[in-house]
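Rule-based calculations on the coordinates, nothing more; no lab input. Not measured: the values here are computed from a predicted model. Here Cβ is always computed from backbone atoms with ideal geometry, including for glycine, and neighbour counts include all displayed protein chains.
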Amino acid sequence: MQFNLKKDLCFFDIESTGLNVIRDRILQIGIIKYFKDGREAAELEMLINPGIPIGTEAMSVHGITPKDVANKPVFAQVAKQLFDFIGDSDLAGYNISRFDVPLLMEEFARAGFDFDIDKRRLVDVQRIFYKMEPRNLKAALRFYCGKEMEDAHDAMADVRATIDVFKGQLERYDGVDYLDDDGNTTPTPIVNDMQALHDFTQDTKNIDVTNRLKYNEQGEIVFNFGKYTGVSVLKVFDMEPNYGQWILSKDFGVQVKSIIRKLMKEHEQRRK
């Protein structure tokens, strides 16, 4: 099957030192890039020295040990190669919205690269799967492709499995409507079009990939954590003028901090 692409599309998967997108680091990344002009896909895979300890639980999942990455480059040394390889591509993968994308953004930011996702389509194969058939990647491969998962939690093996699942989803849900929990029907949302799949899989109320900010029913940006959950950011700045600076000084994602800076400027202009 040929993907219907308006931009290049990178499927990728990350193995890491843990599950905290701010404090943890990338150990392994696998990328398969499809080109809009139809030429043969390109692949890139590498192990990376994280520079911090690998969590025991994470190690038990992916099996990558400190010895495996001891002589590998740190992220800053491969950042430009990764940045150039991905280019302005749209992004696809399994659970990338909540984990892989924000973790990659943080790593690029620390290396001095602005990995902007605002103009990229994100196709999260897990969200298609969970909405249509809520199971895990191993079950998805079996369900859509009739295959058993081999080398699970190896980055490139997971990428290949994700691509197979994605192709299976496009074929299985061709012409199938989506009925949500409220009884609302979306006619045939699974089509071979990355913009349509981006729209179907993204949560339109959330603003940043770490889900710290979101829109309320009035379209205002509100906090989605802590003591001000559900409260307008601009209203919080009225009540606690230094709250924005507090966020900028703490372990929040680069996307959150960028949005907060813009809202701080907007708040300052309103006060003039």
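Okay, here's what the table says:
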| quantity | calculated |
| --- | --- |
| Helix-only mean residue ellipticity at 222 nm for the chain, each DSSP H run of n ≥ 4 adding -39500 (n - 2.57), per residue, nearest 500 | -11500 deg cm²/dmol |
| Charge dipole (the chain, unit charges on Cβ, about Cα centre) - positive-most of 113, 41, 166 | 113 |
| Charge dipole (the chain, unit charges on Cβ, about Cα centre) - positive-most of 75, 254, 18 | 254 |
| Above-threshold pairs, the threshold being 29 Å between Cα atoms, out of 214/250; 227/265; 7/205; 67/250; 6/167; 6/250 | 67/250; 6/250 |
| Amide proton proximity set for residue 36, modelled H, under 5 Å, gap of 5+ | 8, 9 |
| Span-rule helices in the chain, defined as complete DSSP H runs reaching 20 Å or more along the axis (Cα) with Kyte mean at least -0.5 | 155-172 |
| Unit charges on C-beta of K, R, D, E only; dipole of region 59-175, Debye | 260 |
| Label-point gap, in nm, between residue 186 and residue 22 - each point 7 angstrom along Cα→Cβ | 3.0 |
| All Cα pairs of the chain, percent lying beyond 36 Å | 19 |
| Cα centre as origin, Lys/Arg/Asp/Glu Cβ charges: region 213-271 dipole, Debye | 160 |
| All lysines inside 28 Å of residue 72 as judged from Cα atoms, apart from same-chain residues fewer than 8 positions distant | 33, 80 |
